[in-house]
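Here is the structure we will look at.
Readers should treat all values here as calculations from the given coordinates under stated rules, not as data from a laboratory. Everything numeric in this text was worked out from a predicted model, so none of it was measured. For neighbour counting, all protein chains shown are included, and Cβ atoms are generated from backbone atoms with ideal geometry for every residue, glycine included.
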Amino acid sequence: MMVNYRRVYLKGGTYFFTVTLKNRQKNYLTTYIDALRESFAYAKKQKPFEIIAIVILPEHLHCIWQLPEDDNDYSGRWRSIKSHFTHSIIKTGLPLQKNNRGEYKLWQTRFWEHTIRDETDLSQHIHYNPVKHNLAQSVSEWPYSSFHDYVKDGKLPSNWGNVYIEQPNKYGEL
């Protein structure tokens, strides 16, 4: 059964994205971090947008973007980033296979998008992900994150996310 997914396109919208490699066992995003950064810069030159927050993990990334007031084309921007990154890493000699339509089998075809509604919604995303995936003991240890910019700008303390908060079990007990 095909899911009939509809994206929300709001001009000037703020969006949370999850973008994933097709093969979740590969670490291409962190191995080729410079090519990924260049791909974002390339896309931003073509069609500007602001990256509010980002965390890059080995096989997927999360980010929050703010689009210009008169623009809602985040899909085109993702196409540009994915394509530029793919061609950049092929130039390094990485052999990538193509599917039966002639497309490189690097990225998952789709991406997950969530429209950010308010500041509370915004704050509940992004930076804790490397700890959640056991890639770092603390948020501050992970180098591929805008968390470090948030600390530098005074938006978050350097020990944010380091304190374990005991959560109640399903019966409400600590």
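So here's what we get for this one:
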quantity	calculated
Hits in the stretch 77-96 - residues which are more than 16 Å from the chain's Cα centre (by Cα) and among the hydrophobic types (A, V, I, L, M, F, W, C)	I89, I90, L94, L96
For K26: the one exception among (1) assigned to a loop (DSSP other than H, G, I, E, B); (2) touching a strand residue (DSSP E or B) at 6+ places or on another chain (Cβ under 8 Å)	(2)
Lone qualifier among R110, R79, R101 - being part of a helix (DSSP H, G or I), surrounded by fewer than 17 Cβ atoms within 10 Å (Cβ to Cβ) and of a type in the set (D, E, K, R)	R79
Any hit, the stretch 68-76, residues being surrounded by fewer than 17 Cβ atoms within 10 Å (Cβ to Cβ), in contact with a strand residue (DSSP E or B) (Cβ under 8 Å, 6 or more places away or on another chain) and of a type outside the set (K, R)	no
Residues that are touching a residue at least 40 places away in the same chain (Cβ under 8 Å) and closer than 22 Å to H127 by Cβ, drawn from the stretch 33-42	I33, L36, S39, F40
Extreme residue, nearest to E69 (Cα to Cα), among residues of the stretch 3-38 that are of a type in the set (S, T, N, Q) and under 13 Å from the mean Cα position of the chain (by Cα)	T18
Any pair with Cβ under 8 angstrom, 6 or more apart, that starts in the stretch 139-159 at a residue that is more than 15 Å from I126 (Cβ to Cβ) and ends at one that is part of a helix (DSSP H, G or I) and among the hydroxyl-bearing types (S, T, Y)	S158/S140; N159/S140
Hits in the stretch 44-76 - residues which are touching a Gly at 6+ places or on another chain (Cβ under 9 Å) and part of a helix (DSSP H, G or I)	Q46, Y74
